[in-house]
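Peer 1: The structure under discussion is supplied below as structure tokens; questions concerning it will follow.
Coordinate-derived values only; no laboratory data. Just so you know, these numbers come straight off a predicted model, no measurement behind them. Note that each Cβ is placed from the backbone with ideal geometry, even for glycine, and that neighbours are counted across all protein chains shown.
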Amino acid sequence: MFNILDKNNHVQDLAWKHLKEQFGELDIFKHDQFSFEVKKLYTDCEIRNKSDYRLYNSINGESNTKIRGLSKKNGKDGDDVATSIFEDIVNGNNQIHELTTKRLLGLSEWREMNSEKRKTLMPHDEVSESKKYYSFTPLGCKFVNSKHRKDVMRLYDQLRQWERPELMEDLRKLESVTSEHEYDSIKKEIRKQAKETAF
């Protein structure tokens with residue numbers, strides 16, 4: 001990818017040179033007002049959606065996983081969930097992962113509670129919360145038209161709310177669509193199956 005010993009061929013300089021060629025009319029490139037500093041390098045990337053991704057460095061084996069709602073404050077449990085989600089994506093599995101976190105109850109939050117709940121809890125008591133994370137997502141597929149996007153997002157929301165595994169097959173079919181003709185055909189097939197199931 002680059003020769004780290006050759007300062008003229010370093011990835012941070014190559015990146016600046018590329019951007020300067022593309023956007024040379026901007027002052028920051030015209031007058032070299034900024035420079036890049038590469039702190040980490042990753043050679044592979046797995047993308048779940050615009051907020052969730054896993055970066056991997058095949059040179060040293062280091063990986064960096066980011067999932068919205070999972071941060072360092074979740075500790076090792078959060079890291080395990082993030083890793084599991086991306087393993088599911090790579091292997092084509094559809095799992096639901098639950099993460100339980102503990103925190104101290106804030107004073108303002110306690111004040112907003114109803115009187116019954118305030119009798120059982122005090123400010124700075126330890127409370128736990130559970131949140132579900134899903135390995136499936138429609139955001140990695142290319143939508144052929146607005147109806148296709150609407151159908152995929154609707155199915156995704158239904159799966160999150162009702163956890164109905166039979167909808168997963170429909171979602172996977174719609175995610176694999178590459179043309180409007182194929183979308184129309186699969187939509188008819190899904191409607192037909194829904195009518196047969198209703199009877």
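Peer 1: Would you check the stretch 27-131 for Lys pairs whose C-alpha atoms are within less than 19 Å, ignoring same-chain pairs closer than 8 in sequence, and give me the count?
Peer 2: Pairs that pass both the separation and distance tests number 14.
Peer 1: Please compute the contact order of the chain in relative form: average sequence separation of alpha-carbon pairs under 8 Å and at least six residues apart, divided by the residue count, as a percent.
Peer 2: Numbers: 199 pairs, mean separation 23.2, N = 199.
The normalised contact order for the chain reaches 12 percent.
Peer 1: Still on this structure, please answer the following. To check my understanding: the extent here is largest minus smallest coordinate of the Cα atoms along each principal axis. What are those three numbers for the chain, in Å, largest first?
Peer 2: So the three principal-axis extents are 67, 58, 35 Å.
Peer 1: Please give the length that would be gained between Val127 and Glu189 if that part of the chain were fully extended, namely 0.36 nm times their separation in residues minus their C-alpha to C-alpha distance (nm, one decimal). Working shown, then result.
Peer 2: On the way: separation 62, 0.36 × 62 = 22.32 nm, distance 4.71 nm.
Stretched fully, the Val127-Glu189 segment lengthens by 17.6 nm.
Peer 1: Over the stretch 41-137, what relative contact order in percent results from Cα pairs under 8 Å that are six or more residues apart? Let's see the in-between values first.
Peer 2: Numbers: 135 pairs, mean separation 22.5, N = 97.
Dividing the mean separation by the residue count of the stretch 41-137 yields 23 percent.
Peer 1: Within 10 Å of each residue's Cβ, count the other Cβ atoms and sort Phe29, Phe34 from fewest upward.
Peer 2: Details: Phe29 17, Phe34 9.
Final ranking by Cβ density, sparse to dense: Phe34, Phe29.
Peer 1: For an R0 of 22 angstrom, estimate the FRET efficiency from the Cβ-Cβ distance between Lys40 and Ser84 and round to the nearest 0.05. Could the numbers behind the result be given before it?
Peer 2: Details: r = 23 Å, r/R0 = 1.05.
E between Lys40 and Ser84, to the nearest 0.05, is 0.45.
Peer 1: Averaging over every viewing direction, what projected area does the convex hull of the Cα atoms of the stretch 41-137 cover, in nm²?
Peer 2: 8.1 nm²
Peer 1: Relative to the present Cα-Cα distance, how much length would full extension add between Leu105 and Arg154 at 0.36 nm per residue of separation? Each step should come with its number before you reach the end.
Peer 2: On the way: separation 49, 0.36 × 49 = 17.64 nm, distance 3.48 nm.
My answer for the length gained is 14.2 nm.
Peer 1: Can you work out the FRET efficiency for the pair Asp13 and Tyr53, with r the C-beta to C-beta distance and R0 = 25 Å, to the nearest 0.05? Present the calculation step by step, with values, prior to reporting the outcome.
Peer 2: Numbers: r = 25 Å, r/R0 = 1.00.
Working from the Cβ atoms, E equals 0.50.
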